[in-house]
Amino acid sequence: MNTDTPHEAAHLASLRLDLAERADAADLLDVAYRMVDSPVGPLLLAATERGLVRVAFEREDFDTVVETLASRLGSRILRGTARLDEAAREVEEYFTGHRRHFDLELDRSLSAGFRLEVQRYLPHINYGQTLSYAQVADSVGNPQAVRAVGSACARNPLPIVVPCHRVVRTDGSLGGYIGGLEAKKALLGLEAAA
């Protein structure tokens, strides 16, 4: 049971942020993360010094995401820091209809091989448009790899920013989505309305 007063809680939050900023400034931080609100629910944004490395939906369990980041990218991981200010601003601009593509430095170290190739292609799908898994497979030069494209989309560590929500089944149905089908519908609806 948390017995902190609102003043104590605010003070602790300020101390945590100060610690994270100092660790970042001293190059003692492997990963910084923060939560942002969005129309599809809370999102976790995480960045290394190389760039944005992870966008996670609440349904993925933020604690599990942070543990995975720590095990894969380094255990020096803290919530906070200005490292994520630009990413948070661009995500907010996207959801308010003022941004159609992201201009962020990305750390793609959580993907490799064909998955990375597919994920590098996804930003070429125009805002408000969709392609089928088969069309993406053909576009990356491997028309037989339709299921592998689906896997690359399902394991995309940077959803929304790397727009795997723009990939649908050949019959036009949505297919799966790491954030859930309601989130995929909402993202496609947001883009269609712009």
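Odds and ends about this structure:
- Any chance Arg99 is among the basic types (Lys, Arg), in contact with a helix residue (DSSP H, G or I) (Cβ under 6 Å, 6 or more places away or on another chain) and closer than 28 Å to Leu174 by Cα: yes
- The set of residues from the range 62-96 being in a loop (DSSP other than H, G, I, E, B) and at pLDDT below 95 comprises Gly74, Ser75, Arg76, Gly80, Thr81.
- Selected residue (only one of Arg108, Arg34 is assigned to a strand (DSSP E or B) and either at pLDDT 90 or above or hydroxyl-bearing (Ser, Thr, Tyr) (or both)): Arg34
- Qualifying residue in the range 117-138 (condition: part of a helix (DSSP H, G or I), in contact with a Pro (Cβ under 9 Å, 6 or more places away or on another chain) and aromatic (Phe, Trp, Tyr)): no
- Conditions (1) in a strand (DSSP E or B); (2) in contact (Cβ under 8 Å) with a residue 24 or more places away in the chain: number failed by Arg59: (1)
- Count of residues meeting criterion [aliphatic (A, V, I, L, M), surrounded by fewer than 18 Cβ atoms within 10 Å (Cβ to Cβ) and under 22 Å from Thr48 (Cβ atoms)] in the range 105-142: 2
- Residue within the range 154-164 that is modelled with pLDDT of 95 or more, crowded, with 19+ Cβ neighbours inside 10 Å, of a type outside the set (Ser, Thr, Tyr) and farther than 23 Å from Thr48 by Cβ present: no
- You will find that of Asp85, Asp103, Asp107, the residue that is under 17 Å from Ala47 (Cβ atoms) and in contact (Cβ under 8 Å) with a residue 60 or more places away in the chain is Asp107 and no other.
- Gly150 being over 18 Å from Val40 (Cα atoms) and crowded, with 19+ Cβ neighbours inside 10 Å: yes
- Selection status of Arg99, part of a loop (DSSP other than H, G, I, E, B) and either at pLDDT 95 or above or touching a His at 6+ places or on another chain (Cβ under 9 Å) (or both): yes
- Test: residue in the range 173-190 that is of a type in the set (A, V, I, L, M), touching a His at 6+ places or on another chain (Cβ under 7 Å) and open to solvent by 30 Å² or more (accessible area, probe 1.4 Å): yes
- Residues of the range 139-173 that turn out to be farther than 23 Å from Phe57 by Cβ, of a type in the set (Ser, Thr, Tyr) and in a loop (DSSP other than H, G, I, E, B), as a count: 1
- Residues of the range 95-104 satisfying the condition of being open to solvent by less than 50 Å² (accessible area, probe 1.4 Å) and within 21 Å of Ala154 (Cα to Cα): Phe102
- Restricting attention to the range 180-194, the residues that are modelled with pLDDT of 95 or more, farther than 14 Å from Thr130 by Cα and touching a Gly at 6+ places or on another chain (Cβ under 8 Å) total 1.
- Residue tally, condition out of contact with any helix residue (DSSP H, G or I) (no Cβ under 8 Å at 6 or more places or on another chain) and surrounded by fewer than 18 Cβ atoms within 10 Å (Cβ to Cβ), over the range 69-87: 7
The values are calculated or read from the model by the stated rules, or taken from the named source; none is laboratory data. This structure is a prediction, so every number in the text was calculated from the model and none was measured. Methodologically, a virtual Cβ is constructed for each residue, glycine included, from the backbone with ideal geometry; neighbour enumeration extends over all protein chains shown. We work out accessible area using only protein heavy atoms, side chains counted, and drop any ligands, DNA or RNA first. Shrake-Rupley method; radii C 1.70, N 1.55, O 1.52, S 1.80 Å.
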